[in-house]
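Chemist: Structure incoming, see below.
The values are calculated or read from the model by the stated rules, or taken from the named source; none is laboratory data. Computed from a predicted model, the values in this text were never measured in an experiment. We place every Cβ from the backbone using ideal geometry, glycine too, and count neighbours over all the protein chains shown.
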Amino acid sequence: MCALSVATFNKLPLVSSTLESIMDSIQIPLATYVAISLFAVFFFVWLRRKPLPPGPMGWPIIGNMLMMDQLTHRGLAKLAEKYGGILHLKMGFSHTVAVSSPEMARQILQVQDHIFANRPATIAITYLTYNRVDMAFSDYTPFWRQMRKLSVMKLFSRKRAESWDSVRDEVDSMVKSTTINSGTPINLGELVFGLTHDIIYRAAFGSISHEDKEEFIRILQEYTKLFGAFNLADFIPWLGFIDPAGLNTRLPAARAALDRFIDKIIDEHLSKEKKNVNDNVESDMVDEMLVFYSEEGKVNEAEDLQNAIKLTRDNIKAIIMDVMFGGTETVASAIEWALTELMHTPEALKCVQQELADVVGLDRRVEESDFEKLTYFKCVVKETLRMHPPIPVSLHKSSEDTKVAGYHIPKGTRVMVNAFAINRDKNYWEDPNTFNPSRFLKDGAPDFRGSNYEFLPFGSGRRSCPGMQLGLYAMEMALVHLLHCFTWELPDGIKPSEIDMGDVYGLTAPKAIRLVAVPTPRLLCALY
Ligand code: HEM
């Protein structure tokens, strides 16, 4: 027994090495088998995957985040040249699709408008809009529908004469200050940005003091910076603790400043309301909204607006910010671009001023009733909005999985509709990068009201601009007065071809370098 044990023990290494070699010979095919099976599974999944639109390859986890600086109207237009009218990018964990051709825009804004009517919102936007209780950033919900009804019927309606009055009054003051400064270089960019701020302040708050206005501008500027600040947590949520822009402290500070500012205005309006119950005093947008004010806001889909909707203070503040952001920079950048393109193209400037001299005459100022006869002027407005759509890229979000042009678009995809690229699509526009207002004189030229998808300055469909009428009125009023009342020269012997035509990308795409020009009164009558 003992001898056997010893003999067995002595043979054991031999047995074990034989076993190992048998195992090895089994392991090789096993590993190969596992690898082949894994490959087959992956290949099967790959084959069955739903094809996303084309786009540049991304990295694991971060996807295409290193291309973040290319997500501008110009960057996306360049990418579209390579990948086509619909392209896909993966930003961290979220899908982004950029749309840059009229046909793809029609798919998003008309054919599947109901699916793409949501808005994507960053952490900053959600916080600054009191959890999206405004109109511009709200998803497509019953709440949004009521907000939209409120704004179309009450706030931006042509029937709200006070907004239109504030345009005329502020344009008058601009003509006056320009006349006083005639003969000296004027920073036209600053002039028109000041004008649109004044128009929208008056329409929203009634009259407010100069100090209040300065403070509100500071609040708006911080909001603009926060809206545009890069936040890693928007793309990779678990990296929220990395906060180089200091958003965790700046966001509460900015919202608290707005609370202080607008709460005071709301309180003043409430006490004014009590005092003036029977007086017929001019109302502003805050007054219009206070009619629906209640501390516990509620929304239902009943037909009667008055009974269907109750606005809280947060709603009122968030809507005021929509109006401020929607109505100031958009109109101002459009006016500045129109003047810039005209100074850059002296033949067009000559044509539009000649039309004003012929139709209106040099012995009076322009009246609203002249507008419909100013055919070339209207073309200048359209051509400016084509080349420089004030909101160059509008943002939508898909509310369910869908297909566009045969490509899979997952639920929650952020869709960037690039109006800038669409308005310059060379398949639809001849010589698209040249400022040529006469192109709109042709029969059948596209219109910007949303049914010509090659020309989308105000968007189209459910989320198109509700302030279009007011915005156009302010743009046309200011521009026509600046062109009719003054002749304009570039300062310091600058030639038209030397004007800087660059833009900067944000919510809007204003001129990178402000336009400066010297006005001289042009009319035979007094200007004010
Ligand atoms: C030349 C002037 C203007 C232009 C070119 C313009 C353009 C636009 C565009 C492109 C959109 C987004 C459309 C989309 O998402 O598909 C938009 C939305 C909006 N605009 Fe305007 N806009 C102008 C003036 C105004 C004015 C004066 C106001 C208000 C006083 C205003 C308020 C808004 C609001 C609240 C939205 C969001 C609507 C929603 O999400 O339902 N806009 N605008």
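Chemist: Here's a check for you: in region 238-260, which residue that is of a type in the set (A, V, I, L, M, F, W, C) and within 25 Å of the chain's Cα centre (by Cα) is nearest to residue 315 (Cα to Cα)? Step through it out loud before you land on a result.
Modeler: First pass over region 238-260, keeping only residues of a type in the set (A, V, I, L, M, F, W, C): 238-239, 241-242, 245, 247, 251, 253-254, 256-258.
With within 25 Å of the chain's Cα centre (by Cα) added as a condition, the list becomes 245, 247, 251, 253-254, 256-258.
On the way: 245: 27, 247: 23, 251: 18, 253: 19, 254: 17, 256: 15, 257: 16, 258: 13 Å.
Ranking the qualifying residues of region 238-260, first place goes to 258.
Chemist: Hey, another quick one. Select from region 56-84 the residues that are free of Cβ contacts under 8 Å to residues at least 60 places away in the same chain and within 16 Å of residue 417 (Cα to Cα) and list them in ascending order.
Modeler: The answer is 70, 75, 78, 79, 81, 83, 84.
Chemist: Enumerate the pairs (first residue in region 189-200 and closer than 11 Å to residue 171 by Cβ and in contact (Cβ under 8 Å) with a residue 60 or more places away in the chain; second residue anywhere and in a helix (DSSP H, G or I) and among the acidic types (Asp, Glu)) with beta-carbon separation below 9 Å, excluding pairs fewer than 6 apart on the same chain, so at least 6 apart or on different chains.
Modeler: 192/336; 195/170; 196/170; 196/329; 199/169; 199/170
Chemist: Next question, about the same structure. Among the candidates 451, 438, single out the residue that is over 16 Å from residue 388 (Cα atoms), of a type in the set (S, T, N, Q) and part of a helix (DSSP H, G or I).
Modeler: Values: 451 fails: part of a helix (DSSP H, G or I).
After ruling out the rest, the residue left standing is 438.
Chemist: Right, something else. Conditions first: (1) part of a helix (DSSP H, G or I); (2) modelled with pLDDT of 95 or more; (3) surrounded by 14 or more Cβ atoms within 10 Å (Cβ to Cβ). Residue 56 passes all but one, so which condition is the exception?
Modeler: With respect to (1) part of a helix (DSSP H, G or I); (2) modelled with pLDDT of 95 or more; (3) surrounded by 14 or more Cβ atoms within 10 Å (Cβ to Cβ), residue 56 is out only on (1).
Chemist: Considering only residues that are surrounded by fewer than 18 Cβ atoms within 10 Å (Cβ to Cβ) and within 16 Å of the ligand (Cβ to nearest atom), which ones fall in region 405-458?
Modeler: Of everything in region 405-458, those that are surrounded by fewer than 18 Cβ atoms within 10 Å (Cβ to Cβ) and within 16 Å of the ligand (Cβ to nearest atom) turn out to be 447, 449, 451, 452.
Chemist: How many residues are out of contact with any helix residue (DSSP H, G or I) (no Cβ under 7 Å at 6 or more places or on another chain) and of a type in the set (Val, Ile, Thr) if we restrict to region 426-485?
Modeler: Of the residues in region 426-485, 1 are out of contact with any helix residue (DSSP H, G or I) (no Cβ under 7 Å at 6 or more places or on another chain) and of a type in the set (Val, Ile, Thr).
Chemist: Turning to a different aspect of this structure: Go through region 465-519 residue by residue and tally those that are among the polar types (S, T, N, Q) and under 24 Å from residue 169 (Cα atoms).
Modeler: Residues of region 465-519 among the polar types (S, T, N, Q): 469, 487, 497, 508.
Retained after the next criterion (residues that are under 24 Å from residue 169 (Cα atoms)): 469, 487.
Number satisfying all stated conditions: 2.
Chemist: Given the condition at pLDDT 70 or above and loosely packed, with under 10 Cβ neighbours inside 10 Å, answer yes or no: does some residue in region 7-23 qualify? Don't jump to the end; show me each part of the working.
Modeler: Just the residues of region 7-23 that are at pLDDT 70 or above, to begin with: none.
No, every residue in region 7-23 fails to be at pLDDT 70 or above and loosely packed, with under 10 Cβ neighbours inside 10 Å.
Chemist: Provide a single number: the residues in region 428-441 that are of a type outside the set (Phe, Trp, Tyr) and over 12 Å from residue 382 (Cβ atoms). Show your work before the answer.
Modeler: Initial filter on region 428-441 (of a type outside the set (Phe, Trp, Tyr)): 430-434, 436-439, 441.
Restricting the remaining residues to those that are over 12 Å from residue 382 (Cβ atoms) gives 430-434.
Number satisfying all stated conditions: 5.
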